[in-house]
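Here the structure is laid out as structure tokens; the discussion comes afterwards.
The values are calculated or read from the model by the stated rules, or taken from the named source; none is laboratory data. Predicted, not measured: the structure shown is a model, and the values here were computed from it. Reconstructed Cβ throughout: ideal geometry from the backbone, glycine too, with neighbour counts over all protein chains shown.
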Amino acid sequence: MQFELTKEFIEDIIDAVEKEDRSFLIGNMKSLHPADIAEVLDIVNLHEAQFIYKLLDEEVASDVLIEIDEDTREKFLESFSTEEIAESLENMPSDDAADVIQELSESQQEEVLEAIKDEDQTSEITTLLNYEEDSAGGVMDLDFVAATWSWTVKKTLQNLREQVDNVGQVYTIYVVDDNKKLMGTLSLKRFLYASDETLIKDIFQDEPISVNVDEPAEKVASIMEKYDLVAIPVIDKNKVLLGRITIDDAVDVIKEEAEKDYQMASGISEKVESSDSIFVISRARLPWLLIGLLGGILGAYVIGIYEIEIDKFPIMASFIPLILAMGGNVGVQSSAIIVQSLANNSLDFDSIAKKLFKELLIALFNGLICALITLIFCYLTENNLKLSYTIGLSILAVFTYAGLFGTFVPLILNKYKIDPALATGPFITTTNDVIGLLIYFTIGGALYF
């Protein structure tokens with residue numbers, strides 16, 4: 001049954017820690033999944049979390065260390081000795097161990113690697129550390145089951161029994177030639193139905209979907225999502241099988257990218273957590289706040305240029321917030337849709353001109369409706385036809401500009417290999433504020449002033 005974390009349970013856990021009731025804590029933790037234990041440790045304070053963690057079985061503790069929040073894990077590792085970290089890594093899959101050890105300084109990494117008693121584990125971790133963290137090699141698992149295509153089913157079964165000891169989940173059998181080059185895959189169902197003397201080369205499926213070891217992890221996750229894969233083999237430039245990436249790793253990549261894009265779209269320039277220091281959080285937020293400040297200053301300057309006209313027709317100032325809000329909303333909507341489509345690789349075959357033309361039609365349609373509503377509202381409330389035309393035309397013009405700008409910018413950034421998520425949020429709204437004011441007062445100058 002799925003565990004549901006409640007306030008009462010946390011209070012009982014904290015109370016047990018204060019009383020040092022080890023039997024209560026051990027009994028409750030024993031029945032929980034490592035992910036649930038990690039959730040508990042993320043909520044309680046560091047002292048309480050460390051107390052609970054030290055009561056866990058070694059293998060469970062290693063699984064929990066993988067699951068807990070990165071910030072909590074970092075604090076845990078600071079309190080661990082080199083030997084304690086090494087023991088935890090020995091009980092982890094090599095790819096998870098590599099992720100954990102990357103959070104240490106280079107000098108600590110060397111000390112921990114030397115302290116690991118399992119030479120094979122040390123070798124695998126070292127191999128994974130040589131790849132970029134956000135590449136296929138950086139997230140792949142070196143443990144998998146493979147069969148040489150010249151083997152019989154009987155010989156393969158004997159070899160697989162030895163291989164599965166180190167493999168958490170077996171989704172498929174990878175078929176390689178004598179040089180470890182990936183030739184294809186073999187489903188477990190077809191393997192089990194084959195007779196003992198059947199050759200693997202006669203029953204395997206060739207042309208497997210695979211990824212290069214240097215492929216960006218985000219692209220790998222996209223490929224797995226597209227083809228509904230639970231695992232995908234990783235090869236080098238010579239098509240030698242190096243490892244595999246499983247669905248849980250792909251989900252982690254998708255989650256991290258989504259969090260990064262969300263923060264970037266919100267005007268946060270680097271990944272931060274709520275528990276980070278004031279300096280770190282401020283450093284991530286300040287660049288976009290300064291851009292917003294610059295946009296505000298430019299907006300104030302534009303309004304200042306038309307100060308005399310506003311003094312003569314103060315009603316114009318009342319509609320400035322409307323122009324700014326609508327321009328910002330339209331721009332963010334357009335850019336968000338484009339960024340999402342780029343992330344899903346659903347725009348690759350459309351030209352920029354085609355995308356801009358489509359957005360132009362959408363902006364004109366929405367703009368006409370909103371402009372008409374605004375025009376009627378202004379006329380009924382102010383009984384001023386020139387003002388109504390000014391507001392209505394400004395809304396239409398701002399919709400058109402903001403829609404095209406919100407579409408164009410992420411496409412250009414993507415073309416030059418810059419994360420298009422930069423185009424959403426503060427950048428779009430700040431730019432649209434300034435341009436929107438210029439459009440508003442220009443139309444006002446032609447029709448109303």
Per the list (1) aromatic (F, W, Y); (2) crowded, with 22+ Cβ neighbours inside 10 Å; (3) in contact with a helix residue (DSSP H, G or I) (Cβ under 6 Å, 6 or more places away or on another chain), residue check on F144 breaks on (3)
Checked the range 401-434 for anything buried (at least 21 other Cβ atoms within 10 Å of the Cβ) and β-branched (V, I, T); matches are T407, V409, T424, I428, T429, T430, T431
State whether one or more residues within the range 84-99 are assigned to a loop (DSSP other than H, G, I, E, B) and within 30 Å of I281 (Cβ to Cβ).
no
In the range 116-134, anything of a type in the set (D, E) and in contact (Cβ under 8 Å) with a residue 12 or more places away in the chain is listed as D118, E124, E132, E133, D134
Could you tell me which of the residues L113, L32 is part of a loop (DSSP other than H, G, I, E, B), among the aliphatic types (A, V, I, L, M) and either out of contact with any Asp or Glu (no Cβ under 9 Å at 6 or more places or on another chain) or surrounded by fewer than 19 Cβ atoms within 10 Å (Cβ to Cβ) (or both)?
L32
Taking the range 116-160 and keeping residues among the hydrophobic types (A, V, I, L, M, F, W, C), part of a strand (DSSP E or B) and either at pLDDT below 90 or closer than 17 Å to S94 by Cβ (or both) leaves A146
Somewhere in the range 58-74, is a residue closer than 22 Å to E39 by Cβ, at pLDDT 85 or above and surrounded by fewer than 16 Cβ atoms within 10 Å (Cβ to Cβ)?
yes
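For V251, state whether it is part of a helix (DSSP H, G or I) and touching a Ser or Thr at 6+ places or on another chain (Cβ under 9 Å).
no
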Tally of residues being touching a helix residue (DSSP H, G or I) at 6+ places or on another chain (Cβ under 8 Å) and under 21 Å from T122 (Cβ atoms) across the range 60-91:
17
Is at least one residue of the range 375-394 surrounded by fewer than 19 Cβ atoms within 10 Å (Cβ to Cβ) and within 40 Å of the chain's Cα centre (by Cα)?
no
Out of F427, F357, report the one residue that is at pLDDT below 85 and in a helix (DSSP H, G or I).
F427
Considering residues that are within 16 Å of E90 (Cβ to Cβ) and assigned to a helix (DSSP H, G or I), the number found within the range 42-78 is 10
Test: L157 is more than 30 Å from P216 (Cβ to Cβ), surrounded by 14 or more Cβ atoms within 10 Å (Cβ to Cβ) and outside the structural domain of D120 (by TED's automatic domain parsing):
yes
